[in-house]
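The values are calculated or read from the model by the stated rules, or taken from the named source; none is laboratory data. Small disclaimer: the values here were computed from a predicted structure and weren't measured. FYI the Cβ positions are ideal-geometry reconstructions off the backbone, even for glycines, and counts take in every protein chain you see.
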Amino acid sequence: MSSPDITAAEIDAVNAVLRTPVLSIGPQIDAFERAGAAYVGARQAIGVNSGTAGLHLGIIAADVQPGDMVITTPFSFIASANSILYERGVPVFVDVDPQTGNIDPARVAEVAHDLIRDAGSKRQERWLPRALQLSTSNLQSLKAILPVHAFGQPCDMDPILEVAGRYGLRVIEDACEAIGAEYKGRMAGTLGDMGVFAFYPNKQMTTGEGGLVVTSNDEWADLFRSLRNQGRDVFDAWLNHSRLGYNYRLDELSAALGVTQIKRIDELLAKRERVASWYNNRLGEEELIETPQIVATTTRMSWFVYVVRIKPPANRDDVLKRLAAAGVPSRPYFTPIHLQPFYRDKFGYQRGDFPVTEYWGDVSLALPFSGVMTEDQVDYVCQQLRDAVTHAVPH
């Protein structure tokens, strides 16, 4: 589905670390954090071993306690909602914008109003998971909003930030798919109280495994550095721990890879944008294939995946099978979180709860995509996709 863009410089950087005695937190992590903070324009950056770890740290910093609620989206990779459950909080899902697949800010405002101003009422209940609607005694406060910049396109953040300011809520940006994306000229990940980027091998840049938390809140930055390192504080002696912490450290090998990749980030993003433009040019006029829509508030798209929507009467799952038979990998992207087995069992969600999200889940298809793809490869994928869609229409 995707290949990382690795050069001799990355290999040399990792080999250089292997020739040193420092493989845990050391100079490469410091350098990566400085480069990451400078690139996005945040005061602080903290390296962690995954985007999921970064989101969990944000939930802790937002003081989410058991029963506290966090507004988020059901159209995302499951880690965004799972991070809330790690602290026994309650994800309150909000349906998405039909054009972008990002959380709908108008619904965020409506949900926040009802959860805060009408606590305990029927208006509050209608936003809660079905399993909690008849038993709200364990619910506590609404603490935060966790928007997800899906596919590398920023959410419409200004209305979300206005709601957060009105009600005193924290904003944790899941920018794991959006390094380098810009919203109205401002960097994704720097708009809320904190942002989280992830660098899995299929991302725009990679550290193998790893992530970066960015914030301009110095107290939160100190907390994140302690929590990622088993709860040690900077003043703690070796093996002394001030708080419950986690093994969320980023290692020196991964950081060295990140230092080299982030130096190339604009090149990496430009190469992915070129591949996306090849797809757009070849698929933009297809009647049953809807290409990604870039909205006016997105002043820079950060192309993480290339996701098309297979429009009825063509059947997305049939298209997927036909592509596989032609040697073209593709994936449904995403399966809605609320329809995942664990969330159905725990919260009682059913199909029909979030219709726009479910439509996206039914028709979205991620195509092979990376900055190292050739134009001939894109041509082949597009031709096979056209053929598959033609044969996936019932006759």
Meets criteria (within 24 Å of the chain's Cα centre (by Cα), in the same structural domain as residue 110 (by TED's automatic domain parsing) and not basic (Lys, Arg)) for residue 13: no
Single condition residue 224 does not satisfy, out of (1) in contact (Cβ under 8 Å) with a residue 60 or more places away in the chain; (2) over 26 Å from residue 17 (Cα atoms); (3) buried (at least 16 other Cβ atoms within 10 Å of the Cβ): (2)
Residue 77 being surrounded by 23 or more Cβ atoms within 10 Å (Cβ to Cβ) and either of a type outside the set (Gly, Ala, Ser) or closer than 20 Å to residue 127 by Cβ (or both): no
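Yes/no per residue for (1) in contact (Cβ under 8 Å) with a residue 12 or more places away in the chain; (2) buried (at least 24 other Cβ atoms within 10 Å of the Cβ); (3) out of contact with any Ser or Thr (no Cβ under 7 Å at 6 or more places or on another chain); (4) of a type outside the set (Val, Ile, Thr):
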position	(1), (2), (3), (4)
116	yes, no, yes, no
129	yes, no, yes, yes
141	yes, no, yes, yes
146	yes, yes, no, yes
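Yes or no, residue by residue, for (1) closer than 28 Å to residue 332 by Cα; (2) under 16 Å from the mean Cα position of the chain (by Cα); (3) free of Cβ contacts under 8 Å to residues at least 40 places away in the same chain:
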| position | (1), (2), (3) |
| --- | --- |
| 8 | no, no, yes |
| 18 | no, no, no |
| 21 | no, no, yes |
| 26 | no, no, no |
| 38 | no, no, yes |
| 44 | no, no, no |
| 56 | yes, yes, no |
| 75 | yes, yes, no |
| 80 | yes, yes, no |
Limited to the range 17-29, what total is found for residues that are in a helix (DSSP H, G or I) and surrounded by 14 or more Cβ atoms within 10 Å (Cβ to Cβ)? 4
Go through (1) modelled with pLDDT of 95 or more; (2) crowded, with 17+ Cβ neighbours inside 10 Å one by one and return the number of the condition residue 334 breaks. (1)
Checking the structure you have, find out if any residue of the range 169-181 is part of a loop (DSSP other than H, G, I, E, B), in the same structural domain as residue 252 (by TED's automatic domain parsing) and farther than 24 Å from residue 255 by Cβ. yes
Boolean, residue 280 is of a type outside the set (D, E, K, R), more than 21 Å from residue 49 (Cβ to Cβ) and not in a helix (DSSP H, G or I): no
Determine whether residue 300 is in contact with a Cys (Cβ under 6 Å, 6 or more places away or on another chain), buried (at least 16 other Cβ atoms within 10 Å of the Cβ) and either closer than 20 Å to residue 202 by Cα or not assigned by TED's automatic domain parsing to the domain that holds residue 212 (or both). no
Among the residues of the range 311-335, write down those that are in contact with a Ser or Thr (Cβ under 8 Å, 6 or more places away or on another chain) and of a type in the set (Val, Ile, Thr). 319
On the basis of being of a type in the set (Gly, Ala, Ser) and touching a residue at least 40 places away in the same chain (Cβ under 8 Å), does residue 296 make the cut? no
Meets criteria (in a loop (DSSP other than H, G, I, E, B) and β-branched (Val, Ile, Thr)) for residue 234: yes
Please determine, by comparing only the residues of the range 348-367 that are of a type in the set (A, V, I, L, M, F, W, C) and under 28 Å from residue 328 (Cα atoms), which one is surrounded by the most Cβ atoms within 10 Å (Cβ to Cβ). 360
Does the range 10-45 hold any residues that are at pLDDT below 95 and among the polar types (S, T, N, Q), and which are they? 20, 24
Looking only at the range 329-369, count every residue that is touching a residue at least 12 places away in the same chain (Cβ under 8 Å) and on the phi > 0 side of the Ramachandran plot and tell me the total. 1
Options 48, 14: the member that is of a type in the set (A, V, I, L, M, F, W, C) and surrounded by fewer than 20 Cβ atoms within 10 Å (Cβ to Cβ): 14
